[in-house]
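The structure appears right after this line, and notes come after that.
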Amino acid sequence: MTDSLPQVRLHNSLTRRAEPLEPIEPGLVTIYTCGSTVYKYAHIGNLRTYLFGDLLHRTLEYLGYEVRYVKNITDVGHMRNDDHDSLAGADKMELAAETEGKSPSEIADFYTRAWLEDEARLNILPADVMPKASDHIGEMISLTERLIENGLAYEVDGTIYYDVSAFPGYGQLSGQKVEETREGHRVEVESDKRDPADFALWKHAHEHRLMRWPSPWGDGFPGWHIECSAMSLKHLGERFDVHTGGIDLKFPHHEDEIAQSEGALGHRVVNVWMHGEFLTMADAKMAKSAGNIIRVADLPGLGHEPLVFRYLALTAHYRSKLDFTADAMHAASSGLARLRRAASGPDTAVDLAEAPMARYRARFADAVADDLATPKALATAHEVASASDLTDVQRRALLLDFDRVLGLDLGVPPQVAAPLPEGAAELLERRAAARAARDYAASDALRDELAAIGVEVRDSPSGQETLVKR
Ligand code: AMP
Ligand code: ZN
């Protein structure tokens, strides 16, 4: 019955337009999402990107497609800035291990667990396969060998570089010309690449490096990009439907993945590339390095359950920037409570294919099928919440049906939270950011300000906890 499945349109970064999704195998959509680098806690910016992958996953299943979803765990320390052009600089995984007095694999296990807990708190459904980079070193070595055989890679003292000039399609995703990528790269004194635009597939391990594996070129470790080529090809095959990630992964990570996978196989591998926009704070990208991060664990301290953030993420289209503010979270919280109140009717079986439900359902399905237009989908949910042509039973049935995509626990009765006094949420948010930036003087000052308006704050391993004094 696959020909009766609704048509889905997705914006493809490769062609720069929305296109009808034509799965390679009708009825089944294969998806790969670049997962977390597990040497640090994920922040809600990272999680916005995983929410976008989850939305695609849920939407396709809602519309009747079968989905095979692979999301990897990057547990071999990739170094954002050195991927393309440097062998210098500390490996973040190893640095974290040293700082925290643990082994790299303990670090990876700890932050993997933390990441998956955060995902669960946001109702992100588990992927079918979550491969670890460290379990695929053999595949990465084979792929690298194949690229050397195909004349696309070369060795310099135990390090293998991809020869970007030998792959004519380089730049197709990001729209960058090889010359431009060169200009963007730092000049590395010790770099022995033939061309600054080339990037490492496999890196020679210097003597102090902990994470190292034997290879035909001596002890070394993989480059970050080859990890995703190896894991996606292994778990989804030589051709798959959709690849997702945050917008900053378009270049160099995904451009290099195309060069590797297609350079090795000689044909197109991924049909649709999708990229989610950033979560920002005060219009700056949320990033650990910028010191403006908020974690899922911080949300209760800001007066919100984690699903309020999920609601917030749904209020913006995944290809638009979204600014995290106290006001936006409050609006999200009210919106979520409104939908839960509307869904609190009795549970009685209803046939959603009957009028008038079918009409609302079609509208909701059309919205999500149209490049995951969640603002429209949420608007339909709110229409259902107040529609005069629906009974409470029908309203609940429809909202619970939509919740298969929205993932907002709409069946849960709305909570009556102790209200925070005016201005407290903003102070708590600033304090969470100060703590993330390890600015303890600022965080202490903010604690005093909060105390002055009757909010006592305690710091716990799961973030700030508040007690409102009456
Ligand atoms: P990382 O663990 O640093 O590799 O990042 C994991 C994912 O989060 C990647 O897909 C990034 O593109 C994405 N990401 C990083 N910062 C943000 C942000 N501020 N907003 C949305 N996505 C982000
Ligand atoms: Zn990746």
Q.
I'd like to check one number: the per residue accessible area of the range 321-454, probe 1.4 Å, reported in Å² as a whole number.
A. 47
Q | Principal semi-axes in Å for the range 1-44 [√(5λ), Cα gyration tensor, largest first] | A | 30, 15, 9
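What pairs in 177/203; 177/285; 177/376; 234/285 have C-alpha atoms more than 29 Å from each other?
As for pairs spanning more than 29 Å Cα to Cα, those are 177/376; 234/285.
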(Q) Suppose we keep just the alpha-carbon trace of the chain; what are its Rg and Dmax in angstrom? (A) 23.8, 73
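Semi-axes, largest first, in whole Å: what does sqrt of 5 times each Cα gyration tensor eigenvalue give for the range 350-470?
Details: eigenvalues 357, 57, 26 Å².
Gyration-tensor ellipsoid for the range 350-470: 42, 17, 11 Å.
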Q | For the range 93-151: rounded, prolate or oblate by the Cα gyration tensor [a/c cutoff 1.5] | A | oblate
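For residue 328 and residue 155, what is the calculated FRET efficiency with R₀ set at 41 Å and r taken between the beta-carbons, to the nearest 0.05? Walk me through the intermediate numbers first.
Working: r = 51 Å, r/R0 = 1.24.
The value I calculate is 0.20.
For the range 263-324, with all protein chains present and a 1.4 Å probe, just round the carbon and sulfur fraction of the accessible area to a whole percent. Can you show the working numbers first?
Values: 1020 of 2010 Å².
With neighbouring chains kept in place, the figure for the range 263-324 is 51 percent.
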Q: Determine the relative contact order of the range 98-220: mean sequence separation of Cα pairs under 8 Å and six or more apart, normalised by residue count, in whole percent.
A: 23
Q. Where does helix 326-342 land angle-wise versus the long Cα axis of the chain, in degrees 0 to 90, nearest 10?
A. 60
(Q) Can you show me the helix-derived [θ] at 222 nm for the chain, built from DSSP H runs with n ≥ 4 at -39,500 (n - 2.57) apiece and divided by the number of residues, rounded to the nearest 500. (A) -12500 deg cm²/dmol
**Q.** Hz values of 3J(HN,Hα) by residue in the range 165-175 - Karplus curve (6.51, -1.76, 1.60), Gly and Pro given as x
**A.** 5, 8, 10, x, x, 4, x, 5, 7, 8, x
Q) Counting Lys +1, Arg +1, Asp -1, Glu -1, what net charge surrounds residue 220 among other residues with beta carbon under 11 Å of its beta carbon? A) 0
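When you count, for each residue, the other Cβ atoms within 10 Å and take the mean per peptide, how do 233-239, 52-58, 419-425 rank with the highest first? Numbers along the way, then the final one.
Working: 233-239: 17.7, 52-58: 24.7, 419-425: 15.4.
Top of the packing list down: 52-58, 233-239, 419-425.
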Q: Run the numbers on the chain and let me know its relative contact order in percent, using alpha-carbon pairs under 8 Å that are six or more apart.
A: 17
Q | Sequence ranges 378-384, 93-99, ranked by mean other-Cβ count within 10 angstrom, highest first | A | 378-384, 93-99
**Q.** residue 464 long-range amide H proximity, modeled H, under 5 Å
**A.** 301
Q: Note down the relative contact order for the range 331-445 as a percent, whole number, built from C-alpha pairs under 8 angstrom at least six residues apart.
A: 33
Q | Unit charges at the beta carbon, dipole of the chain: most positive-side option, 13, 104, 352 | A | 352
Q) What does the charge add up to near residue 411, with Lys and Arg as +1, Asp and Glu as -1, over the other residues with Cβ less than 14 Å from its Cβ? A) 0
(Q) How large a share of the accessible area of the range 389-429, in percent, is made up of carbon and sulfur atoms when the probe is 1.4 Å and the other protein chains stay in place? (A) 54
Q: Please give the solvent-accessible surface of residue 261 in Å², to the nearest 10, using a probe radius of 1.4 Å with every protein chain present.
A: 10
Q | Residue-wise HN-Hα coupling along the range 396-401, computed from phi with Karplus coefficients 6.51, -1.76, 1.60 (Hz; x: Gly, Pro) | A | 4, 4, 5, 5, 5, 5
Q) Where the centre of each part is set by its Cα atoms, how far does the range 434-461 sit from the range 99-133, in angstrom? A) 28
Q | C-alpha center-to-center spacing [the range 390-408, the range 316-377] in angstrom | A | 9
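Count the net charge of all other residues whose Cβ sits under 11 Å from the Cβ of residue 125, scoring Lys and Arg as +1 and Asp and Glu as -1.
Working: positive: 58, 71, 404; negative: 54, 61, 119, 128.
Net charge around residue 125: -1.
Please work out whether the range 288-381 counts as rounded, prolate or oblate from its C-alpha gyration tensor, where a ≥ b ≥ c are the square roots of the eigenvalues and a/c under 1.5 means rounded, while otherwise a/b larger than b/c means prolate and anything else oblate?
Details: a/c = 3.23, a/b = 1.70, b/c = 1.90.
The shape class here is oblate.
The values are calculated or read from the model by the stated rules, or taken from the named source; none is laboratory data. As the structure is a computational prediction, the values presented were derived from the model and not from experiment. Don't worry about glycine lacking a Cβ; one is built from the backbone with ideal geometry, like all the others, and counts go over all protein chains shown. Ligands, DNA and RNA are stripped out before the accessible areas are found, and what is left, the full protein with its side chains, is counted by its heavy atoms. Shrake-Rupley method; radii C 1.70, N 1.55, O 1.52, S 1.80 Å.
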